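S.K.: I have a structure I would like to understand better, so I am pasting it below and will then ask my questions one at a time.
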Amino acid sequence: MMQILIVDDEPRIRSSLEGLLQEEGYSVRSCGTGEKAVETLRNKSVDVVLLDVVLPGIDGLETLKRIREHNPSMKVLMMSGQSDLNTAVKATKLGGYNFFQKPLNPDQLLLELKNIADQMILGRKVNSLETLVGREEKMVGHSPAMLKLQEAVERAAPSEGRVLIFGENGTGKELVAKAIHRKSARKASAFVSLNCAALPQDLVESELFGYEKGAFTGAVRKKPGRFEMADGGSLFLDEIGDMGLETQAKLLRVLQENEAVRVGGNTPYKFDVRIISATNKNLMMEIEEGRFREDLFYRLKVIPLDVPPLRNRKEDIPLLAQYFLRQICEKTGKGMKRWAGRALKILQHYPWPGNVRELRNLVERLVIMSGGETIDEQEVMDVLPFSPSPSFSKREIPLEGEALSLRKMVEEFERDVLVEGYREAGGNVSKLARKLKIDRANLHRKLKTYGIK
């Protein structure tokens, strides 16, 4: 409900305006002097002031000046029985939001107040969205692995060194890249990203460097590339390990010369861009197998950063789960929920092959599907792809209660071996198959069965 203060020395006008505005649902208070208005605003929450120009003591213009000194964003609507253009101009210069001539037109006044109320509602929505966006950018975690990463980001960000971020899918590599940009001297300029794995290889080059009109079928106008869009800021090349060799060669030349040519053009353009790259692959292995250029690798890897998988920082899982729960509840408007019983412990024992992204998706599913205010252990168990269990190196055979069958224990052991092996192999199924001495097709089936790939 919008709070309105009426300032007028005529009791009849105050009473008439109070009745009109209260009937429209506004909360209204009034006073007869400028001094009293300034005092009221220091002690009470008010959104809009209706202020008469002619007042005993300090006049309306002086009152407006004092209000603006203490409340720069206050909406003040001036009222005057004198048709004086000069007074209206002075009021506007002092920060008056609008000027009304007495006797007031009720419809005109109510329309102005409705517009102000609509702006206030929109402003609150924007602030709420900005808060949510800010929260989504946050790196959450207090584990030793995360503290080490956060410290590395703090050191790397102020420099101009190129950064290469290593980490599995879903660990938050782009979040780290944005944190580096946000803490750098380039933070006021653009952060532009390109996922090299999401585009066909023949389009990556035109997206990176741009293209001229008529460069190829469908190029109906000139389009700037990501280097031009990021000029003065940061360019994030995600999944750089999936870039084709031909494009790698062109990227290397562009980085060496700090200039590029649009596809279909012949005039080079200069740029000032900091490159931040990321990959989920073992690039040294890619280099050995001829799929990645060694010279480009060392160009990009001035500052290497490793983002730990979620299973290597299990102490962060309760904090992340609570963070996502609050974030998603606010965004969906489902009402605030809480974790009950051993729900968070269950989440900590799950291996999270999809890392933080998988955890967030699972929390969102629980928020949407849970009917009550609490999310309990059984609800968590019901949505997990398979039953969580302690690490196979620490597993104990339960002697009481509902004991696992031998077959189930063997399956869990096998799953844990595959999860750990898949991580160590950097997602390379052929390498893992050789290490485990298992047929590659059979390994693929097992990885799919256990939800690891």
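S.K.: Take residue 249 and decide whether it is of a type in the set (A, V, I, L, M, F, W, C), in contact with a Lys or Arg (Cβ under 8 Å, 6 or more places away or on another chain) and at pLDDT below 90.
M.R.: Answer is no for this residue.
S.K.: Just one of 185, 215, 198, 190 is surrounded by fewer than 20 Cβ atoms within 10 Å (Cβ to Cβ) and over 22 Å from residue 271 (Cβ atoms); which is it?
M.R.: 198
Here's the yes/no breakdown for (1) in a loop (DSSP other than H, G, I, E, B); (2) within 25 Å of the chain's Cα centre (by Cα); (3) without any contact (Cβ under 8 Å) to a residue 60 or more places away in the chain:
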residue	(1), (2), (3)
331	no, yes, no
336	yes, yes, yes
341	yes, no, yes
346	no, no, yes
358	no, yes, no
361	no, yes, yes
364	no, yes, yes
367	no, yes, yes
372	yes, no, yes
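S.K.: Being more than 39 Å from the chain's Cα centre (by Cα), closer than 22 Å to residue 119 by Cβ and surrounded by fewer than 20 Cβ atoms within 10 Å (Cβ to Cβ) narrows it down to one residue among 82, 22, 3; which is it?
M.R.: Working: 82 fails: closer than 22 Å to residue 119 by Cβ; 3 fails: more than 39 Å from the chain's Cα centre (by Cα).
Exactly one of 82, 22, 3 is more than 39 Å from the chain's Cα centre (by Cα), closer than 22 Å to residue 119 by Cβ and surrounded by fewer than 20 Cβ atoms within 10 Å (Cβ to Cβ), namely 22.
S.K.: Criterion first (in contact (Cβ under 8 Å) with a residue 24 or more places away in the chain, touching a His at 6+ places or on another chain (Cβ under 9 Å) and of a type in the set (D, E, K, R)) does residue 66 satisfy it?
M.R.: Answer is no for this residue.
S.K.: Specify which of the listed residues (319, 384, 310) is among the hydrophobic types (A, V, I, L, M, F, W, C) and either at pLDDT 95 or above or crowded, with 20+ Cβ neighbours inside 10 Å (or both).
M.R.: After ruling out the rest, the residue left standing is 310.
S.K.: Return the only residue of 28, 46 being under 42 Å from the mean Cα position of the chain (by Cα), assigned by TED's automatic domain parsing to the domain that holds residue 117 and assigned to a strand (DSSP E or B). If you could, list the steps in order and put the result at the bottom.
M.R.: Working: 46 fails: assigned to a strand (DSSP E or B).
Exactly one of 28, 46 is under 42 Å from the mean Cα position of the chain (by Cα), assigned by TED's automatic domain parsing to the domain that holds residue 117 and assigned to a strand (DSSP E or B), namely 28.
Residues checked against (1) over 21 Å from residue 307 (Cα atoms); (2) modelled with pLDDT under 90; (3) in contact with a helix residue (DSSP H, G or I) (Cβ under 8 Å, 6 or more places away or on another chain):
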site	(1), (2), (3)
347	no, no, yes
356	no, no, yes
360	no, no, yes
365	yes, no, yes
369	yes, yes, yes
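S.K.: Would you confirm whether any residue within the range 434-449 is more than 30 Å from residue 239 (Cα to Cα), in a helix (DSSP H, G or I) and at pLDDT 85 or above? Walk me through it before giving the result.
M.R.: Initial filter on the range 434-449 (more than 30 Å from residue 239 (Cα to Cα)): none.
No, the conditions are met nowhere in the range 434-449.
S.K.: Against the definition (more than 27 Å from residue 426 (Cα to Cα) and either modelled with pLDDT of 95 or more or not assigned by TED's automatic domain parsing to the domain that holds residue 323 (or both)), how does residue 186 come out, yes or no?
M.R.: Against the criterion (more than 27 Å from residue 426 (Cα to Cα) and either modelled with pLDDT of 95 or more or not assigned by TED's automatic domain parsing to the domain that holds residue 323 (or both)), residue 186 qualifies.
For (1) modelled with pLDDT under 95; (2) over 22 Å from the mean Cα position of the chain (by Cα); (3) within 30 Å of residue 312 (Cβ to Cβ); (4) of a type in the set (Lys, Arg), each residue gets a yes or a no:
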site	(1), (2), (3), (4)
68	yes, yes, no, yes
76	yes, yes, no, no
95	yes, yes, no, no
118	yes, yes, no, no
128	yes, no, no, no
138	yes, no, yes, yes
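S.K.: With respect to residue 63, is the statement that it is at pLDDT below 85 and either in a helix (DSSP H, G or I) or in contact with a Ser or Thr (Cβ under 9 Å, 6 or more places away or on another chain) (or both) true?
M.R.: In short, no.
The values are calculated or read from the model by the stated rules, or taken from the named source; none is laboratory data. Note that the structure is predicted; figures quoted are calculated from it, not measured. Virtual Cβ from ideal backbone geometry, glycine too; neighbours counted across all protein chains shown.
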